[in-house]
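S.K.: Here it is, the structure in full.
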Amino acid sequence: MSQVIVVASGKGGTGKTTVSTSLALALVRKQNKVLLIDCDSGMRGTDMMLGITDRLVYDISDVISGACTFSDALYECSAARGLFTLAAPLSAEDEISPQVMKQFIEEHKDEYAYIIIDAPAGVGTGFEAAAKAADRALIVVNCEPTSVRGGINIRNKLSDMGITDVRLVINRFERARFLATALYEDLDEVIDTVGVGLIALIPEDVRITALSQRGALATNWAKSTVVFDSLVERLRGNNVPLTIEV
Ligand code: ADP
Ligand code: MG
């Protein structure tokens, strides 16, 4: 049975694109066929993180307009065979409607073990398109009140949409910074405030910034892999420990 997982956050810059791309890579390394859909019209980033931008000719808007077929717009990542991507339109004006996205996903769901959807920030139409066909959701937050508030907004919207399998990813965690800012008593306070169970705690890691911004996440995957391997295990229901100490 294939699974559709949307990666969302209320606030921009929390790490949705990094998490969705890295999760897709971790799933492919475990021999799963994966479709990574970039739903962030005007702000797409998965192609850049995977280093495939130069190869892209078509995006979702071309499929919608009939300029190409769905399969013409799919790009397999040469550094990670089995990872297929569908790019968001370059222009924010080409927003994808929730109905169209749901139809695309339902038509192609059975061809993949996982479909990972990188959502735009916020709870607007773009988010609804990203989440409409999702079975599960990951909410990405950083340990700051503005980001946490965004997480609460997403949680409420997902609940309105009837998506109940929702887990929290705390990204860019730095223990020293967390203690020095004293914004929260402990991580449990962050988790309880969002009101969603934790599935991954991802450290602030300069290698993740460097690799993602150089388009080298796929080619240099080994350097940033462990936390995402553990996220995959937890998504499968295996109770592996969080890989960094809190
Ligand atoms: P979003 O898609 O939510 O807007 P991105 O995934 O584009 O966020 O990440 C924003 C920035 O943060 C990027 O420069 C990215 O490389 C960096 N980043 C994300 N997660 C981490 C991390 N765990 N450690 C270091 N840098 C990170
Ligand atoms: Mg993004």
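The values are calculated or read from the model by the stated rules, or taken from the named source; none is laboratory data. This structure is a prediction, so every number in the text was calculated from the model and none was measured. A quick note on method: Cβ atoms are made from the backbone with ideal geometry, for glycine too, and the neighbour counts reach across all protein chains shown. Accessible surface areas use protein heavy atoms only, side chains included; no ligands, DNA or RNA. Shrake-Rupley method; radii C 1.70, N 1.55, O 1.52, S 1.80 Å.
S.K.: Pull up region 53-74, narrow it to residues that are farther than 12 Å from L90 by Cβ and in a helix (DSSP H, G or I), then point me to the one that is least open to solvent (accessible area, probe 1.4 Å).
M.R.: Within region 53-74, the match that is least open to solvent (accessible area, probe 1.4 Å) is A73.
S.K.: Counting only residues that are open to solvent by 20 Å² or more (accessible area, probe 1.4 Å), within 14 Å of the chain's Cα centre (by Cα) and within 16 Å of ligand 1 (Cβ to nearest atom), how many does region 102-158 have?
M.R.: Summing the residues that are open to solvent by 20 Å² or more (accessible area, probe 1.4 Å), within 14 Å of the chain's Cα centre (by Cα) and within 16 Å of ligand 1 (Cβ to nearest atom) in region 102-158 gives 1.
S.K.: Just a yes or no: is a residue in region 14-24 open to solvent by 60 Å² or more (accessible area, probe 1.4 Å) and within 16 Å of ligand 2 (Cβ to nearest atom)?
M.R.: No.
S.K.: Continuing with this model, one more query. Regarding A113, is this residue within 16 Å of ligand 2 (Cβ to nearest atom) and under 23 Å from D38 (Cα atoms)?
M.R.: no
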